[in-house]
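The structure appears below as structure tokens.
The values are calculated or read from the model by the stated rules, or taken from the named source; none is laboratory data. As the structure is a computational prediction, the values presented were derived from the model and not from experiment. Reconstructed Cβ throughout: ideal geometry from the backbone, glycine too, with neighbour counts over all protein chains shown.
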Amino acid sequence: MKVIALAGWSGAGKTTLLTRLIPYFTAQGLRVSTLKRAHHSFDIDVPGKDSWVHRQSGATEVLISSGRRWALLHELRGEHELKLPDLLAKMSPVDLVIVEGFKSEQHRKIEIHRAANGKPLLFPDDPDIVGVISDVTVETKLPVAHLDDIPVIATMMQAAAVDIDDVLTRELSGI
């Protein structure tokens, strides 16, 4: 299982880019999963439904299952937020996991930059950034692609992706 992250400021277009990349990768026969970092409290469960009531009543985990999908909700209940390697270890094996976010953690990532955001580039200060995707010309020795060039971006991502064991080893060694 290979892992690569897309990182950038809010509004840079990470999610929009992913909605274009996932179909591209799956058309090539790759099995792709995503792992998204949410910055706020979020809820994917519907208030009032049984699974929501179970969580609200204090259940640590609630697994919801149907003939079409299943989801496991885990309440931290005061525990620390999990780090990226811990979350990756919970995922089923696929060809490529694309991580969206986790920009402050130390792992291999490609920066998404949109000039209209008015935010500075991350790569000069983050040694874990291995490429830049932008809507403007960026001066760097790193690989660069335009936000609209999906085939080039896909190639960049596949070339930069690392084996999940490398992510886990890096976390354990404290690199």
Only one of Val99, Val53 that is at pLDDT 85 or above, farther than 27 Å from Ala161 by Cβ and of a type in the set (A, V, I, L, M, F, W, C): Val53
Cβ pairs under 7 Å, 6+ apart, first in region 144-157 and in contact (Cβ under 8 Å) with a residue 12 or more places away in the chain, second among the aromatic types (Phe, Trp, Tyr): Ile150/Tyr24; Ala154/Tyr24; Ala154/Phe25
Candidates Val32, Val46, Val62 - the one that is free of Cβ contacts under 8 Å to residues at least 24 places away in the same chain, surrounded by 13 or more Cβ atoms within 10 Å (Cβ to Cβ) and in contact with a helix residue (DSSP H, G or I) (Cβ under 7 Å, 6 or more places away or on another chain): Val62
Qualifying residue in region 57-72 (condition: within 20 Å of Ala5 (Cβ to Cβ) and either in a loop (DSSP other than H, G, I, E, B) or of a type outside the set (Val, Ile, Thr) (or both)): no
Val167 being of a type in the set (A, V, I, L, M, F, W, C), crowded, with 16+ Cβ neighbours inside 10 Å and either out of contact with any Asp or Glu (no Cβ under 6 Å at 6 or more places or on another chain) or on the phi < 0 side of the Ramachandran plot (or both): yes
Within region 15-45, considering residues that are outside any loop (DSSP other than H, G, I, E, B) and of a type in the set (D, E, K, R), the one modelled with the lowest pLDDT: Lys36
Complete set of residues in region 5-14 that are within 26 Å of Asp86 (Cβ to Cβ), in a loop (DSSP other than H, G, I, E, B) and in contact with a helix residue (DSSP H, G or I) (Cβ under 7 Å, 6 or more places away or on another chain): Gly8, Trp9, Ala12
Qualifying residue in region 111-131 (condition: surrounded by 13 or more Cβ atoms within 10 Å (Cβ to Cβ), of a type in the set (Val, Ile, Thr) and more than 30 Å from Asp43 (Cβ to Cβ)): yes
Criterion violated by Trp52 - all others in (1) in a strand (DSSP E or B); (2) surrounded by 14 or more Cβ atoms within 10 Å (Cβ to Cβ) satisfied: (1)
Number of the condition not met by Gln158 [criteria: (1) over 15 Å from the mean Cα position of the chain (by Cα); (2) in a helix (DSSP H, G or I); (3) surrounded by 12 or more Cβ atoms within 10 Å (Cβ to Cβ)]: (1)
Hey, Ser134 over 21 Å from Lys2 (Cα atoms) and at pLDDT below 90 or not: no
Residues of region 79-137 that turn out to be in contact (Cβ under 8 Å) with a residue 12 or more places away in the chain, assigned to a loop (DSSP other than H, G, I, E, B) and not basic (Lys, Arg), as a count: 17
